[in-house]
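*Asks:* Have a look at this one before I ask anything.
The values are calculated or read from the model by the stated rules, or taken from the named source; none is laboratory data. From a predicted model like this one, the values you see are computed outputs, not experimental measurements. Cβ placement follows ideal geometry from the backbone for every residue including glycine, while neighbour counts extend to all protein chains displayed. All accessible areas refer to the heavy atoms of the entire protein, side chains included, with ligands and DNA or RNA removed. Shrake-Rupley method; radii C 1.70, N 1.55, O 1.52, S 1.80 Å.
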Amino acid sequence: MYLYGTISDVVELTPSVRLYEIKLYERISASPGQFLMLWVPRIGEIPLSIANLEDRGLWLIIAKKGRVTTFIHENFDRGTRVFLRGPLGRGFSVKKEFRKCLLVAGGYGLAPLYFLARQLKDCGITCDALLGFKSVREMFFVDEFKGVCTNVYVSTDDGSYGFKGLVTDLLDTSVTLEAYDAVYTSGKELMMLEVVNRCSRRGIRVEASLERLIKCGVGICGLCSLDPLGLRVCKDGPIFTGEVLLKLRDFGRYWRDEHGRKKSIEER
Ligand SMILES: Cc1cc2nc3c(=O)[nH]c(=O)nc-3n(C[C@H](O)[C@H](O)[C@H](O)COP(=O)(O)OP(=O)(O)OC[C@H]3O[C@@H](n4cnc5c(N)ncnc54)[C@H](O)[C@@H]3O)c2cc1C
């Protein structure tokens, strides 16, 4: 069963990242962290996080990477009809007793955390955000996060905006991890590994959004399975707790290519 929608606006966020605002033909409900499969006929189907969902308005943030995402950037515009499957997977877990949370994101990893930040605000939970980019040219959504978070700290690798360094360096310079009930992270896997390690050492609840190649999206094909627990990113994730992630040999080390072969995470 596909969901149908029409693109109502396209916003160029950076030279390689665009926000696609879509009007769905029907109302759906989803939790932050869940994803949709966007099917582009004759080109391919890819997983994308829900960056926002309000009434029938859906936001997808798409970084130009390869075959499908380049086709979308070059051909999708206002009025383009889109075909989606989902929402799929498990989202972030938010507990009523949480008072203050921290979001740590890099690049298009901002997408699921923006949706989460809005939900936390709606639940009366305050949150701070650490956002990392390669440079000011690659920076986006900082004002949107400022609209829903109490404090937003930005890092750039080259120092062209905010703190010069990695987003994980901000964990030392800008915040005290112990002040948060939970930490949520999404972005490059080695960055998330660092966040998960630091939180786990201090006994702080942490959840991360994992990326693997996803084909079926419903737990059948096994392409996104994780050793040694056999968990599937599309069905058991993409959000996993730090406790589970640290039991996975694959986390921060390996992913599977389109043939199921294991490759080092550095090769992605
Ligand atoms: C749960 C989930 C949520 C995602 N959310 C978003 C999002 O909100 N916005 C966004 O821009 N992208 C997101 N992605 C990544 C996106 O699905 C891939 O960038 C996309 O599938 C690449 O397709 P392509 O045909 O353009 O690239 P391809 O031609 O297939 O590949 C180009 C390069 O990208 C790498 N790649 C392909 N698929 C993935 C993947 N799933 N994860 C990491 N690297 C990949 C390949 O190894 C290759 O190096 C998400 C992925 C997952 C699993």
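*Asks:* Any chance you could get the radius of gyration and Dmax over the Cα atoms of the range 87-236, in Å?
*Replies:* So, for the range 87-236, Rg and Dmax equal 15.5, 44 Å respectively.
*Asks:* By average Cβ neighbour count within 10 Å, what is the ranking of 145-157, 172-184 from highest down?
*Replies:* 145-157, 172-184
*Asks:* Let me ask something additional. Rounded if a/c is under 1.5, else prolate if a/b beats b/c, else oblate: with a ≥ b ≥ c from the C-alpha gyration tensor eigenvalues square-rooted, which is the range 48-142?
*Replies:* oblate
*Asks:* Taking the alpha-carbon centroid of each part, what is the distance from the range 28-48 to the range 218-239 in angstrom?
*Replies:* Going from one Cα centre to the other spans 16 Å.
*Asks:* Sequence neighbours fewer than 8 away in the same chain don't count; with that in mind, list the aspartates and glutamates whose C-alpha is under 13 Å from LYS65.
*Replies:* Output for LYS65: GLU74.
*Asks:* If you don't mind, there's one more thing I want to ask. Using Cα pairs under 8 angstrom and six or more residues apart, how large is the relative contact order of the range 100-267, in percent?
*Replies:* Relative contact order of the range 100-267: 17 percent.
*Asks:* Which whole number in µm²/s is D for the range 3-88 by Stokes-Einstein, with the Kirkwood Rh taken over Cα pairs at 20 °C and 1.002 mPa s?
*Replies:* Numbers: Rh = 12.8 Å.
Taking Rh from Cα pairs, D becomes 168 µm²/s.
*Asks:* Whenever you get a sec, compute what percent of the accessible area on the range 100-267 sits on carbon and sulfur atoms (1.4 Å probe).
*Replies:* Its accessible area is 48 percent carbon and sulfur atoms.
*Asks:* Too long at a 31 Å Cα-Cα cut-off: which of LYS121/LYS164; LYS23/LYS188; LYS146/LYS263; LYS215/LYS247?
*Replies:* Working: LYS121/LYS164 29 Å; LYS23/LYS188 29 Å; LYS146/LYS263 37 Å; LYS215/LYS247 24 Å.
Checking Cα-Cα distances, LYS146/LYS263 exceed 31 Å.
*Asks:* Percent of alpha carbon pairs in the chain separated by more than 28 Å?
*Replies:* Distances greater than 28 Å cover 31 percent of the Cα pairs.
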